[in-house]
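First up is the structure itself, then whatever we jot down about it.
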Amino acid sequence: MTRNDPVTATASILKVGPPDFSPRLVIFDKDGTLIDFHAMWASWVVGLAARLELATGHALSSQLYAAMGLDATAARVLPGAPLAASPMASLRALAVRALVDAGLEMESASAAVNRVWHMPDPVNTARPLADLPRLFDTLHSRKVKIGVATSDDRAPTDATLAALGLSARVDAVIAADEHVPSKPRPDMVLHLCGLLRISPADAAVVGDTVADMQMGRAAGAGLLVCVLSGVTPATLLHPHADVIIPSIAELVAY
């Protein structure tokens, strides 16, 4: 980024961070950052537990909730839980292990999980945490590209973005099942920057977990912004984020 760059010729579009840093790319996490994490994933785990109990005849909800990191009483995902940052393949393995812990043989546990496994509903459970079309249009109006880096799989991610009217507003997406090492490794950020031909130093990473911030830091991102709309308290985020804000609604000056 140079001082002659037209993107940096005026004050930053961001309300946060150094006033002389205006990113050419903003990379967003999805769940907990763009949409309500608990609304989607808490209901999914409860539904999965019910299906598994029906399929196996075993009482195993408590084991599954503990393995995934769900406070079922509050319908909230716990800070640092596997649900917060693990790809679907890892969550599937955790479900199998929870059934084994509940007393099933490994073969029976694997068969039961394979029989009832399903993805969260990416449309009906996706509750946006801000006016996302307005946010993305505002960024684009200042020549800022938009990326999404998510620990979810690609098909539900695409369905979610489409349902929220964001498909055409996102310049690039990388998901956990696309054979790029996932968070907290830097590869997702580096992949998006490579696709869009933008230096990581000219990118801001916005997420709700320590893994998001570690990913951005390892990639050399120019700004790390953490939101408190997800699953991680500010006390855990402070050592990793450059800026902490309540939600992405506070990100730009419209």
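The values are calculated or read from the model by the stated rules, or taken from the named source; none is laboratory data. As the structure is a prediction and not an experimental result, all values here were calculated from the model. Note that we place each Cβ from the backbone using ideal geometry, even for glycine, and neighbour counts take in every protein chain shown. When the accessible area is computed, the model is the full protein with side chains, heavy atoms only, and any ligands, DNA or RNA have been set aside. Shrake-Rupley method; radii C 1.70, N 1.55, O 1.52, S 1.80 Å.
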Notebook entry, point to check: Once you have the alpha carbon radius of gyration of segment 128-227, what is it after dividing by 2.2 N^0.38 Å, with N set to its residue count?
Noted result: 1.01
Check: Where the only charges are on Cβ atoms (+1 Lys, Arg; -1 Asp, Glu), what is the dipole of segment 14-109 about its Cα centre, to the nearest 20 debye?
Finding: 260
Item checked: Compactness of segment 174-231 as Cα Rg over 2.2 N^0.38 Å, two decimals -> 1.05
Next item on the list: Calculate I(q)/I(0) for segment 43-140 by the Debye formula, one identical point scatterer on each C-alpha and no solvent, and give its log10 at q = 0.17, 0.18 Å⁻¹ to two decimals.
Entry: -0.75, -0.82
Notebook entry, point to check: Sorted by mean Cβ packing within 10 Å, highest first, what order do the peptides 177-184, 20-27, 229-236 take?
Noted result: 20-27, 229-236, 177-184
Notebook entry, point to check: What ranking, highest mean first, results for peptides 204-211, 81-88 when packing means the other Cβ atoms within 10 Å averaged over each residue?
Noted result: 204-211, 81-88
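Residues of segment 144-205: accessible area per residue at 1.4 Å, in Å²?
Each residue of segment 144-205 exposes 38 Å² on average to a 1.4 Å probe.
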Note to self: Rounding to the nearest 10 and keeping the result within 0 to 90°, find how far the Cα-based axis of helix 106-116 lies from the longest principal axis of the chain.
What the structure shows: 60
Checklist line | Spatially proximal lysines relative to LYS15 (Cα-Cα < 21 Å; intrachain offsets below 8 disregarded) | finding: LYS30, LYS143, LYS145
Notebook entry, point to check: What is the helix-to-structure angle for 37-56, meaning the angle in degrees between its Cα long axis and the longest Cα principal axis of the chain, kept from 0 to 90 and rounded to the nearest 10?
Noted result: 20
Item checked: Rounded percent of accessible protein surface that carbon and sulfur make up, the chain, 1.4 Å probe -> 54
Notebook entry, point to check: How big is the Kirkwood radius of segment 137-192, worked out from every pair of different alpha carbons and given in Å to one decimal?
Noted result: 11.9
Notebook entry, point to check: Going by average Cβ neighbours within 10 Å, how do the peptides 219-228, 43-52 rank, with the highest at the top?
Noted result: 219-228, 43-52
Note to self: Just to confirm the number: angle between the C-alpha axis of helix 88-101 and the first principal axis of the chain, 0 to 90 degrees, nearest 10?
What the structure shows: 30
Item checked: Span from the segment 90-117 Cα centroid across to the segment 205-228 one, whole angstrom -> 33
Item checked: About the Cα centre, charge dipole magnitude for the chain (Lys/Arg +1, Asp/Glu -1 at Cβ), debye -> 480
